[in-house]
Amino acid sequence: MGHSLKSYCGVLKLLQVRYNTLEVIDVAVAREHIKALIDRLTDEQAQALWVVLNSMAWPEEKLSPDEIAEIEEARAEIRAGKGIKAEDVWRELGL
C-alpha cells in the first residue's frame with residue numbers, strides 16, 4: 001500500500017485547487033477516488049471501514065423503552081433456539 005493519509009490529503013488538496021477556486025472538492029471525483037481506494041483494501045480492512053462508514057451514514061438513534069423490551073425479547077427467543085435461519089427465510093421468499 002505504502003501511501004499515507006498525508007499523501008491522500010495532498011491529493012485531495014490538489015483536486016480542490018484544480019477543480020475550482022473555492023476549494024470545494026468535486027464530489028464525483030472524491031467519490032471515485034474513495035471507491036478506488038476501497039478496492040485496494042484487504043477484506044479485514046474493508047470490514048473495519050464498513051463499521052466506521054456505517055456509523056457515519058446511520059448515526060445511532062435512541063431507542064424507546066418499548067423498543068428495548070422488544071429487542072431483549074427477540075434476543076431471548078434466539079437464545080432459546082426459537083430463531084429463524086436466514087436460509088429458511090430466503091427459501092420461503094424464493095431468493
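The values are calculated or read from the model by the stated rules, or taken from the named source; none is laboratory data. Given the structure is predicted, the values throughout are model-derived calculations rather than measurements. Counting neighbours? That spans all protein chains shown, and the Cβs are built from the backbone with ideal geometry, glycine included.
Here is a list: Val29, Val52. Which entry is surrounded by 10 or more Cβ atoms within 10 Å (Cβ to Cβ), at pLDDT below 90 and not small (Gly, Ala, Ser)? Step through it out loud before you land on a result.
Values: Val52 fails: surrounded by 10 or more Cβ atoms within 10 Å (Cβ to Cβ).
Result of the check over Val29, Val52: Val29.
Which residues, taken from the stretch 55-73, are farther than 19 Å from Ile38 by Cα, surrounded by 10 or more Cβ atoms within 10 Å (Cβ to Cβ) and within 23 Å of the chain's Cα centre (by Cα)?
Correct list: Leu63, Ile71.
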